Amino acid sequence: MPGFEKSPPALVQRFQAVLGRHPDVQQRQMFGYPAAFVGGNMVTSLFHDHWVIRLPDADREQLLAIKGSGPFAPMAGREMKGYAIVPPSIVADDAALDGWLERAFANGRSLPPKKK
């Protein structure tokens with residue numbers, strides 16, 4: 001298992017502040033990074049210096065079309081299906097970020113719940 005670099009403290013604080021506005025989402029660590037879950041399904045997290053989000057295919061394609069986004073691959077050649085990197089321009093914009101997070105939360109609610 002490769003060593004993972006920590007997320008920048010400012011990004012971690014931003015993640016916690018934004019997710020704090022969504023009390024119905026469960027926050028916990030995943031592989032040492034802050035993450036958020038709906039029904040036991042991870043819907044968003046940090047990884048290195050990236051904010052990552054899980055979306056249905058159509059929404060993911062829309063996000064991938066935005067400059068600064070890209071597929072999420074925690075290891076080279078290991079792209080995670082359904083996940084994309086949120087561009088920094090969206091991470092910095094509350095209204096835009098909340099819109100994408102609501103899509104991710106709705107997607108999480110549509111998935112079968114995972115047992116704890």
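Quick grid of which residues meet (1) among the β-branched types (Val, Ile, Thr); (2) modelled with pLDDT under 95; (3) under 19 Å from Pro71 (Cα atoms):
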residue	(1), (2), (3)
Met1	no, yes, no
Gln13	no, no, no
Leu19	no, no, no
Ala35	no, no, yes
Val43	yes, no, yes
His48	no, yes, yes
Arg54	no, no, yes
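Which residue is modelled with the highest pLDDT, if the candidates are limited to the stretch 70-79 and must be under 15 Å from the mean Cα position of the chain (by Cα) and open to solvent by 30 Å² or more (accessible area, probe 1.4 Å)? Break it down stepwise before answering.
Let us first name the residues in the stretch 70-79 that are under 15 Å from the mean Cα position of the chain (by Cα), namely 70-74, 79.
Retained after the next criterion (residues that are open to solvent by 30 Å² or more (accessible area, probe 1.4 Å)): 71, 73-74, 79.
Numbers: Pro71: 95, Ala73: 85, Pro74: 80, Glu79: 84.
Per the stated criteria, the residue is Pro71.
A count restricted to the stretch 45-59 and to residues that are under 19 Å from Met30 (Cβ atoms) and in contact with a Ser or Thr (Cβ under 9 Å, 6 or more places away or on another chain) stands at 9.
Just wondering, is there one or more residues in the stretch 89-96 that are farther than 15 Å from His22 by Cα and open to solvent by less than 10 Å² (accessible area, probe 1.4 Å)? No; the residues of the stretch 89-96 include none that is farther than 15 Å from His22 by Cα and open to solvent by less than 10 Å² (accessible area, probe 1.4 Å).
Matching residues to (1) in contact with a strand residue (DSSP E or B) (Cβ under 7 Å, 6 or more places away or on another chain); (2) open to solvent by less than 70 Å² (accessible area, probe 1.4 Å):
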| residue | (1), (2) |
| --- | --- |
| Asp24 | no, no |
| Phe37 | yes, yes |
| His48 | no, yes |
| Gln62 | no, no |
| Lys81 | no, no |
| Asp98 | no, yes |
| Leu101 | yes, yes |
| Pro112 | no, no |
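The values are calculated or read from the model by the stated rules, or taken from the named source; none is laboratory data. All of these numbers come straight from a predicted model, not from anything done at the bench. Because the Cβ atoms are built from the backbone with ideal geometry, glycine has one as well, and the counts that use them run over all protein chains shown. Side chains are part of the model used for accessible areas, which takes the heavy atoms of the whole protein and leaves out ligands, DNA and RNA. Shrake-Rupley method; radii C 1.70, N 1.55, O 1.52, S 1.80 Å.
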